[in-house]
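*Asks:* If you scroll down you'll find the structure; I have some questions about it.
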Amino acid sequence: MDKLLFTRIQEIVNPNVFCGKKVVVIGVGSGGRKWALSLAMAGVSWFVLIDPDKLSIENIIRHICGLKDLGCYKTEAVKKQILNHNPHAKVDTHNFDIMDDEEFLKTLIADASLVLAGLDSEPARHALNRIALLAKVPVIYATTFHRAFCGEVFRVIPGKGPCYACYAHFLERTGVVEQTTKAIDYNDPQMDEKLSTSPGLGMDIEIISLIAAKISLITLLEGTKYEMPSYPGNYIFWGNRPMENGLVSQYFECRFWHVPRNENCLICQPEKEEWEQSYDDIIANLVKDE
Amino acid sequence: MAWYDKDSDGKSRLVLECKAMKEVAKDFVLKIKSDGTLFWKGSITPVENCFILEIQYPANFPFDAPEVYVKSPKLPEDTPHLLDRPKQKLCLFHSGYAKKVGIYNPGKTTAATMLGHAINWLLCFEVWLVLKTWPIRESPTDDD
């Protein structure tokens, strides 16, 4: 049976090409789990899954893991799914928030071939960006927004092109700040949670995940005999359905952009020139708080 | 270990933060709390009232934005757009929304940038003192 497992794909991608290639998946929610599973089904056989959350009832409706996994860590539930399709895979699971243990994340990423960022927190994406740049490990970022009516996929290859902060700068995400009259309830302790949790259909999220999986595959196969043709630009915008605000005009709208590096980026191009005060001078002159 | 002492990136970022602050607010002084937290302290007079501000670096800077507090004067009880009323922490952008789409960008935002946002807040506050209306719109939510 084992010999037949990859018969239908090995003429396109022989799974042996992935030997020794470790893929770290950060966030295995409704998007990340499909992303990881698609790669496992393409023959990738070494995963590290990171997610602090357990499957709760509201996750089930758009997660490949169903009611039988309710209450399990998402990493463990997705591990079972991966092994169910690719029994040769090595899957390590870690249930922690990457913002809580940056040092441990560094050790997990250090020997990785690729990181998949299925994160929904902006500080976490920026933290990962810096750590992966230092480790010189490529990262694929995928996100849905506007209720998963649209989404984006892009990659950061250290030393080549923009980093995550450059993308964020180019996309001018601050441009929409002052365009609403909706009041915020400052007394609502759940405000942050409500504002950072987004509704969306599983099928809309999965399309973005599949695009991300394909970009991951292209990245992993670069330089091998199974190398796939490249794609235009470095940023993919996908629209699932027409939107009233005009952002997406038709179903299944795909746009490729080339996002340039930000020449003044403080993260990937930190200023190397000397300033009048060195770090040691600054520390020596710090004023103690009275 | 503090963010600025962790590695070469943290050290060079602190140098850059100091350079940026000295360019726009050279009277602000960099101070350190007993737990190692760094903050800038200084005064600003956007219109006629003088405010003493603290711009504090969070533990996981630069991934989270520096926080700005009005240390004096004591603001009126009904002052809007405060995230922490007793500490008088300014709401400079929508934190939940920022986490989702990234209002704050560590690749281009320094304490000096936050000071600029704080001055905008103070200008709004001065208008609010007179008109009791906040003159700019609220940040959008994900449903917008």
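The values are calculated or read from the model by the stated rules, or taken from the named source; none is laboratory data. Model, not experiment: these values are computed from the prediction. Quick reminder, even Gly has a Cβ in these numbers, built from the backbone with ideal geometry, and neighbours come from all protein chains shown. Keep in mind that these areas ignore ligands, DNA and RNA; they rest on the heavy atoms of the full protein, side chains included. Shrake-Rupley method; radii C 1.70, N 1.55, O 1.52, S 1.80 Å.
*Asks:* Got a sec? What order do B:Thr79, A:Thr224 fall in by accessible area at 1.4 Å, biggest, i.e. largest, first?
*Replies:* A:Thr224, B:Thr79
*Asks:* Top to bottom by accessible area (1.4 Å), largest first, where do B:Asp35, A:Asp204 land?
*Replies:* If we order B:Asp35, A:Asp204 from most to least accessible, we get B:Asp35, A:Asp204.
*Asks:* A follow-up question, please. Could you report the accessible area of B:Leu83 in Å², rounded to 10, computed with a 1.4 Å probe on the protein chains as they sit in the structure?
*Replies:* Surface open to solvent at B:Leu83 totals about 70 Å².
*Asks:* Rounded to the nearest 20 Debye, what is the dipole magnitude of the protein assembly as shown about its Cα centre when Lys and Arg each give +1 and Asp and Glu each give -1 at the C-beta?
*Replies:* Dipole size: approximately 1220 debye.
*Asks:* If you don't mind, another one. Among bridges DSSP assigns within the protein assembly as shown, what percent are antiparallel (round to 5)?
*Replies:* Counting only bridges with both partners in the protein assembly as shown, antiparallel ones make up about 70 percent.
*Asks:* Give the angle, between 0 and 90 degrees and rounded to the nearest 10, that separates the Cα long axis of helix A:32-41 from the longest principal axis of the Cα atoms of chain A.
*Replies:* Approximately 40 degrees, to the nearest 10.
*Asks:* Of A:Lys136/B:Lys41; B:Lys6/B:Lys89; A:Lys34/A:Lys160; A:Lys68/A:Lys136, which ones are farther than 31 Å apart at the Cα?
*Replies:* A:Lys136/B:Lys41; A:Lys68/A:Lys136
*Asks:* Can you compute the modelled spin-label distance between A:Asn285 and B:Lys22, with each label point 7 Å from Cα toward Cβ, in nm?
*Replies:* Those two pseudo-labels are separated by 0.5 nm.
*Asks:* As a test question: what accessible area, to the nearest 10 Å², does A:His258 have when a 1.4 Å probe is rolled over all protein chains in place?
*Replies:* Estimated to the nearest 10 Å², A:His258 gives 130 Å².
*Asks:* By how many degrees, between 0 and 90 and to the nearest 10, does the Cα long axis of helix B:8-24 differ from the longest principal axis of chain B?
*Replies:* Rounded to the nearest ten degrees, it is 40.
*Asks:* If you don't mind, there's one more thing I want to ask. 222 nm [θ] for the protein assembly as shown, helices only, -39500 (n - 2.57) per DSSP H run of 4+, per residue, to 500?
*Replies:* My calculation for the protein assembly as shown gives -9000 deg cm²/dmol from helical runs alone.
*Asks:* Let me ask something else about it. Is region A:2-118 rounded, prolate or oblate when judged by the Cα gyration tensor, a ≥ b ≥ c being the square roots of its eigenvalues, rounded requiring a/c under 1.5 and prolate requiring a/b larger than b/c?
*Replies:* oblate
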